[in-house]
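Student: Please read through the structure below; I'll follow up with questions.
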Amino acid sequence: MACLLETPIRMSVLSEVTASSRHYVDRLFDPDPQKVLQGVIDMKNAVIGNNKQKANLIVLGAVPRLLYLLQQETSSTELKTECAVVLGSLAMGTENNVKSLLDCHIIPALLQGLLSPDLKFIEACLRCLRTIFTSPVTPEELLYTDATVIPHLMALLSRSRYTQEYICQIFSHCCKGPDHQTILFNHGAVQNIAHLLTSVSYKVRMQALKCFSVLAFENPQVSMTLVNVLVDGELLPQIFVKMLQRDKPIEMQLTSAKCLTYMCRAGAIRTDDNCIVLKTLPCLVRMCSKERLLEERVEGAETLAYLIEPDVELQRIASITDHLIAMLADYFKYPSSVSAITDIKRLDHDLKHAHELRQAAFKLYASLGANDEDIRKKIIETENMMDRIVTGLSESSVKVRLAAVRCLHSLSRSVQQLRTSFQDHAVWKPLMKVLQNAPDEILVVASSMLCNLLLEFSPSKEPILESGAVELLCGLTQSENPALRVNGIWALMNMAFQAEQKIKADILRSLSTEQLFRLLSDSDLNVLMKTLGLLRNLLSTRPHIDKIMSTHGKQIMQAVTLILEGEHNIEVKEQTLCILANIADGTTAKELIMTNDDILQKIKYYMGHSHVKLQLAAMFCISNLVWNEEEGKRLLRFVLKKIMERKVSNRDSISCSKILGRGTTHWALSTQQSLLGMNENLLA
């Protein structure tokens, strides 16, 4: 069997191949089966804990011969088992070892071995498969290539505690998304694994628990099933709660908390359920304390951030539990001072986890401050918090930068902080640098935050405009990523609100009318709505309306007509009618409506529409047309007739009379009106 190595054989490697290593491989070809068996056993003893010996044997071609012996029908079961053990030991070496084994097609050979009736051989094959599949270089899809593999593994779960441990571990590492979850769920993973939670073996219980955590993650179907599963007369959530108790190992507490968190986020458990408020949340907060290992603190904080992210009440409870906000400040104190560390391993450990700790802290702060103003204030008042976030924006780690931007975005939802802390620390400067060159995942969150910094009351708006933000944002509107297009146009909409004519002209020039109308036909509804919002803000203030319509009026009227005639929802048509109302407020611009019979008929049609929002928007159009034009008066008589016929409600009759009595009205899109200017999306 041919076996391809990942890297070419180097002379330095060959020089390290000793005579004894060659001897081990040579013995695999002995005609005497007993000598071959003894040779494999001796090889097993030689490679245990010896990565150099493992590499030597792989280079010398031991793997193809071992796989050949493992698959030969004439090989004894004992020989096959020993071959599987040696292959498993080789897989425990470096990642290059695993790559070499994969190149030799080890997985199909081991899966074939699972068909043997011999339990010891099956366990050896599973142990080797477990080692290979838990390696980061192994593609998870290799487990799902053959449709017969998963049901056979389910059947093997009952054979022994070792098969249970290894198979659950394989499942938990190879379940990476909804497709994998569905396959495992459809083959009875929940029913086959549930009873393992009461196993006498701690390892089996832990691997079963990990299986349920990956199965339930963002999966309502699995989560709703788990919440009703009975094991020895107890519901599964009750078993998870017992595993949260302080006397249980930390690993078990954390994994149980994950299971309950994922079930809660999937809608299977209410956020106000006692098992969440009184058990899961306090457990995760405990995991954040400095008494815990760094790895545990990272996992605890990230899981807690996920649990509380959408729920205001959980955020409030978490913020006052065990001084969590202050506790998280310790996450930024790693690595410790080098002079204080005498153990080089400790320093290496701290360095390894320092990035993960900062990332976890930023994530949890982002979730805590997502909604409550008082919590945001406490976070920002935490020791050097704003400086830490600003520093995080320029970290070498992409994950830390992303978490820092998310944290800043969460805090930017506060009007007070936008006016004070964000200005004091000139947050817009590092943010603009982030936007110049970053992966899409960071750009999405950073551009969301920029939307907030461009709100009318933000002191950062002026310097951002001067730094060339218009061209940057117009570039985002051309992205293939819908979220970036939305944020680009959203930020431009906020920028145009009550802006000077020069800024509006810069936006139109940089965006171009062609791109503007491409956005008006975008398949993403959010892009369309924000583009209409931009148009509303551009077409506000009478001189601005007349100026823009004098140069772009024909195209704008065509776009308005197409939208009003198209199959769009109520909100889209309402915003389009609001644009018409603004145009109608222009001195010369209103002529484009008054000379367009088609548009006038559409306004008349929407006056009689069954939906109140469209009626009112059409009334605003009439309000701005009626004062000088005969056609407007004729439309006014039509409105009054409809009111008398009670085709609009009494409440809307009052609204109509107020509108018609107030004089001209133009609508700019602000934070107080139907579409919010503040970007509150926490995008993952």
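Student: Under a point spin-label approximation (7 Å from Cα along Cα-to-Cβ), what is the Phe29-Val312 distance to one decimal in nm?
Tutor: Taking the simple label geometry, Phe29 and Val312 are separated by 7.7 nm.
Student: Quick check for you: which residues of region 349-380 have the amide N under 15 Å from the point 7 Å beyond the Cα of Ala326 toward its beta carbon?
Tutor: 378-380
Student: Can you tally the net charge around Asp387? Count Lys and Arg as +1, Asp and Glu as -1, for every other residue whose Cβ sits under 15 Å from the Cβ of Asp387. Let's see the in-between values first.
Tutor: Details: positive: Lys333, Arg358, Arg388, Lys429; negative: Glu381, Glu383, Glu395, Asp424.
Computed value for this residue: 0.
Student: In whole Hz and in residue order, list the ³J(HN,Hα) couplings for region 603-619 that follow from phi through the Karplus curve 6.51 cos²θ - 1.76 cosθ + 1.60, θ = phi - 60°; x for Gly and Pro.
Tutor: Here the 3J(HN,Hα) series is 4, 4, 4, 6, 5, x, 5, 6, 8, 4, 4, 6, 4, 5, 5, 5, 4 Hz.
Student: For Tyr605, what accessible area in Å² do you get when you roll a 1.4 Å probe over the heavy atoms of the protein chains, rounding to the nearest 10?
Tutor: Number for this one is 140 Å².
Student: Now for a different question. I want the local charge near Glu356. Using Cβ-Cβ distances under 10 Å, sum +1 for each Lys or Arg and -1 for each Asp or Glu among the other residues. Don't skip to the answer; put the middle values down first.
Tutor: Numbers: positive: Arg297, Lys352, Arg358, Lys399; negative: Glu295, Glu299, Glu302.
Net charge around Glu356: +1.
Student: Could you work out how far the C-alpha centroid of region 376-450 sits from that of region 115-193, in angstrom?
Tutor: Spelled out, the Cα-based centre of one part sits 43 Å from the other.
Student: Same structure again: Could you run the Karplus curve 6.51 cos²θ - 1.76 cosθ + 1.60 with θ = phi - 60° over region 265-278 and give me ³J(HN,Hα) per residue in whole Hz, x for Gly and Pro?
Tutor: The phi angles translate into 5, 7, x, 7, 10, 5, 5, 9, 5, 4, 5, 8, 5, 9 Hz.
Student: Using only Cα atoms, locate the centre of region 597-622 and the centre of region 499-561, then give the distance between them in Å, rounded to an integer.
Tutor: 21
Student: So what is the relative contact order for the chain, in percent, with contacts set as C-alpha pairs under 8 Å and at least six apart? Walk me through the intermediate numbers first.
Tutor: Details: 921 pairs, mean separation 41.0, N = 684.
Relative contact order here is 6 percent.
Student: While we're looking at this one, here's another question. Once ligands and nucleic acids are excluded and a 1.4 Å probe is used, how much of Met327 is accessible, expressed in Å² to the nearest 10?
Tutor: 30
Student: Between Leu293 and Glu373, 0.36 nm times their residue separation minus their Cα-Cα distance comes to what? Numbers along the way, then the final one.
Tutor: Values: separation 80, 0.36 × 80 = 28.80 nm, distance 3.17 nm.
Gain in length upon complete extension: 25.6 nm.
Student: In the chain, what percent of the accessible surface is made up of carbon and sulfur (1.4 Å probe, ligands and nucleic acids excluded)? Write down the numbers at each step before the final one.
Tutor: Details: 15450 of 30040 Å².
Looking at the chain in its full context, I get 51 percent from C and S.
Student: If Rh is defined by the Kirkwood formula over all Cα pairs and Rg also comes from Cα, what ratio Rg/Rh do you get for region 162-291?
Tutor: Over the Cα atoms of region 162-291, Rg/Rh equals 0.94.
Student: Moving on to the next point. Would you please give the FRET efficiency between Glu471 and Gln498, computed as 1/(1 + (r/R0)^6) with r the Cβ-Cβ distance and R0 = 30 Å, to the nearest 0.05? Intermediate values should be presented prior to the final figure.
Tutor: Working: r = 21 Å, r/R0 = 0.72.
Efficiency, from the Cβ-Cβ distance: 0.90.
Student: For region 71-188, build the convex hull from the C-alpha positions and give me its volume per residue in Å³. Mind showing how you got there, number by number?
Tutor: On the way: hull volume 11.1 nm³, N = 118.
Output value, Cα hull per residue: 94 Å³.
Student: For region 346-486, how big is the tail of P(r) above 20 Å, as a whole percent of Cα pairs? Mind dumping the intermediate values first?
Tutor: Working: 4491 of 9870 pairs.
So the portion of pairs separated by more than 20 Å is 46 percent.
Student: To continue, here is another question. Evaluate 2.2 N^0.38 Å with N set to the residue count of region 445-533, then give the Cα radius of gyration divided by it.
Tutor: On the way: Rg = 11.9 Å, N = 89, 2.2 N^0.38 = 12.1 Å.
Its radius of gyration relative to the 2.2 N^0.38 Å reference: 0.98.
Student: Check cross-link reach from Lys590 to the aspartates and glutamates: straight Cα distance under 17 Å, and skip same-chain residues fewer than eight apart.
Tutor: Counting by Cα, and skipping residues close in sequence, Lys590 has these aspartates and glutamates nearby: Asp546, Asp598, Glu629, Glu630, Glu631.
Student: For region 261-324, what value does the Rg/Rh ratio take when both radii are computed over Cα atoms and Rh is the Kirkwood radius, given to two decimals?
Tutor: Numbers: Rg = 11.2 Å, Rh = 11.7 Å.
Reported Rg/Rh, Kirkwood definition of Rh: 0.95.
Student: 222 nm [θ] for the chain, helices only, -39500 (n - 2.57) per DSSP H run of 4+, per residue, to 500? Before the final figure, lay out the partial values.
Tutor: Values: 42 runs with 455 residues, N = 684.
My calculation for the chain gives -20000 deg cm²/dmol from helical runs alone.
Student: Here is a further query. How long is region 152-211 along each principal axis, judged by its Cα atoms, biggest number first, in Å?
Tutor: Answer, in whole Å and largest first: 32, 19, 15 Å.
Student: Which net charge results for the neighbourhood of Lys333, defined as the other residues with beta-carbon distances under 11 angstrom from its beta-carbon, given Lys and Arg at +1 and Asp and Glu at -1? Show your work: numbers first, answer last.
Tutor: Working: positive: Lys290, Arg358, Arg388; negative: Asp330, Asp350, Glu383.
Value of the local net charge: 0.
Student: List, in the order given, every pair from Lys52/Lys333; Lys99/Lys279; Lys35/Lys120; Lys547/Lys604; Lys352/Lys433 whose Cα-Cα distance in the structure shown is over 31 Å.
Tutor: Details: Lys52/Lys333 38 Å; Lys99/Lys279 43 Å; Lys35/Lys120 21 Å; Lys547/Lys604 27 Å; Lys352/Lys433 27 Å.
Where the Cα-Cα span goes over 31 Å, the pairs concerned are Lys52/Lys333; Lys99/Lys279.
Student: Note the full-extension length gain between Tyr605 and Arg159 as 0.36 nm times their separation in residues minus their Cα-Cα distance, in nm to one decimal. Don't skip to the answer; put the middle values down first.
Tutor: Values: separation 446, 0.36 × 446 = 160.56 nm, distance 7.33 nm.
Here the answer is 153.2 nm.
Student: I would also like to ask the following. Give the accessible surface of the chain per residue, rounded to a whole number of Å², with probe radius 1.4 Å and ligands, DNA and RNA excluded. Walk me through the intermediate numbers first.
Tutor: Working: 30040 Å² over 684 residues.
Per-residue accessible area for the chain comes out at 44 Å².
Student: On to the next question. According to the Kirkwood expression over distinct Cα-Cα pairs, how big is the hydrodynamic radius of region 122-223, in Å? Mind showing how you got there, number by number?
Tutor: Values: mean 1/r = 0.0743 Å⁻¹.
Hydrodynamic radius (Kirkwood, Cα pairs) of region 122-223 is 13.5 Å.
Student: Quick check: convex hull of the Cα atoms in region 119-167, volume per residue, rounded to a whole Å³?
Tutor: On the way: hull volume 3.2 nm³, N = 49.
In region 119-167, the Cα convex hull volume per residue is 66 Å³.
Student: Need one word for region 234-384: rounded, prolate or oblate. Basis is the Cα gyration tensor (sqrt eigenvalues a ≥ b ≥ c); a/c below 1.5 gives rounded, then a/b vs b/c decides. Please list the in-between numbers first.
Tutor: Numbers: a/c = 2.50, a/b = 1.35, b/c = 1.85.
Oblate is the answer for region 234-384, as a/c is 1.5 or above yet b/c matches or exceeds a/b.
Student: Kirkwood hydrodynamic radius, region 50-139, all distinct C-alpha pairs: what's the number in Å?
Tutor: Numbers: mean 1/r = 0.0781 Å⁻¹.
By the Kirkwood definition, the hydrodynamic radius is 12.8 Å.
Student: Could you work out the pair-distance distribution P(r) of the chain from its alpha-carbon pairs, with 20 angstrom bin width and percents rounded to whole numbers?
Tutor: 15, 34, 31, 15, 4, 0
Student: If you stretched the chain out fully between Val415 and Asn228, how much longer would it get, using 0.36 nm times the residue separation minus the C-alpha to C-alpha distance? Don't skip to the answer; put the middle values down first.
Tutor: Working: separation 187, 0.36 × 187 = 67.32 nm, distance 4.43 nm.
Length difference between fully extended and current span is 62.9 nm.
The values are calculated or read from the model by the stated rules, or taken from the named source; none is laboratory data. In this text the structure is predicted, and so the values were computed from the model without any measurement. Note: ideal-geometry Cβ built from the backbone for every residue, glycine included; neighbour counts use all protein chains shown. Note: areas computed on protein heavy atoms with side chains; ligands, DNA, RNA excluded. Shrake-Rupley method; radii C 1.70, N 1.55, O 1.52, S 1.80 Å.
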